[in-house]
1. Does residue 235 qualify as being in contact (Cβ under 8 Å) with a residue 24 or more places away in the chain and closer than 19 Å to residue 152 by Cβ?
2. Do we have residue 85 as at pLDDT 95 or above and among the aromatic types (Phe, Trp, Tyr) here?
3. If only one of 130, 116 is closer than 20 Å to residue 202 by Cα, surrounded by 12 or more Cβ atoms within 10 Å (Cβ to Cβ) and at pLDDT below 95, which one is it?
Amino acid sequence: MTPEDHKGPPVEAPPYDPAPKPGLVGEPAELAEEEFRRRTRRSFLVGGSAALAGALGWRWLRHTEQEARLAWPVRDGLEANEGLWRTLHRPSARAATFPVSRARIPRVNGRVGLDPPLDAAAWRLSVEGPDRQVVGTYTLDGVKALPRHELVTELKCVEGWSEVVHWTGARFSDFVAAIAETIPARLFRYVSLRTPDEAYFVALTRAQAMHAQTLLCYEMQGAPLTPPHGAPLRLVIPGAYGVKHLKRIGTIRFAMDRPNDYWALRGYDWYLGH
C-alpha cells in the first residue's frame, strides 16, 4: 500500500513549544548537578578521613615499641606469615630436582660480606657451640673429605627470578655427624652461619639445617666456586630463598635460642622458606 492509499484522517504534528517541560530538561540537569555535589562532598570526607587515619596510623607505628628494629605490629604480622608457611611446609619435603643439562650459572646477587678479597690459603671454617666458644676449625679439605653429594635444584630469589643450578658439596647433616663429639645433635635447635667479617649472617632452624638437601657447597656447575659466588664454601638450602644461601661461610654457630638473621632485621620474615 502506498501513502496515497491511506484513507484515515491526516495526522498533524503538535505545535513546537520552546519552553522546557518540567521533568524533561531542566530537572535532570539540576538533579545531576546536585548528585555531583553530594558525591564530591562524600568523596572529600571519605578521602580526607582515610588520609588522616593513614597519617595517624603511620605516626603511631613509628612511635610504638620496636622489636628487632621493626614496630611490633609489623613484626607480629611477619611472624604470623612465617608461622603459616612453616605449618604448611613438611620438613621431609624435597625441592624439585632437574637434569644437569638444565643447569646454568646464576647471576651474582648480593656482595655483603665478600670484602676484602678472598685469601683462600688463610681461610678457615670456625665452629662455635651454644656458649659461643670455638670448638673447632676446619679447612676446605676437611669438608671435602665428607661424602660428596651433587644436587641440581632451582635457586629462587625473593626478587622474582630463578635459575636451575648444579651444586656439589657435603651434606650439612654429615658435617654435624662428623663433629658430634664437640656438638652433640641434641644440643642445638638453631644454626647461625656468618661471613668471616660477620657483615652478613643467616639463621636456620634445626630442621632446615639438617635437611637432606642442605649442602656445604664448594663447587658450582662442576667447577670450584668463584669468589663472587661464595668461594671457598657457601650454604645451599633449596627449601629457602636465595638470601639464605650464605656465601663465603666463615663461622657456623650452633644455638638453643633463635639467632638474628640479616634480612629479618630489615623487614623480611625470619623463616623465608618456600
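The values are calculated or read from the model by the stated rules, or taken from the named source; none is laboratory data. Every value quoted in this text rests on a predicted model; they were computed, and no experiment measured them. FYI the Cβ positions are ideal-geometry reconstructions off the backbone, even for glycines, and counts take in every protein chain you see.
1. In short, yes.
2. No; evaluated as a whole, the condition is false for this residue.
3. On the way: 116 fails: surrounded by 12 or more Cβ atoms within 10 Å (Cβ to Cβ).
The unique qualifying residue is 130.
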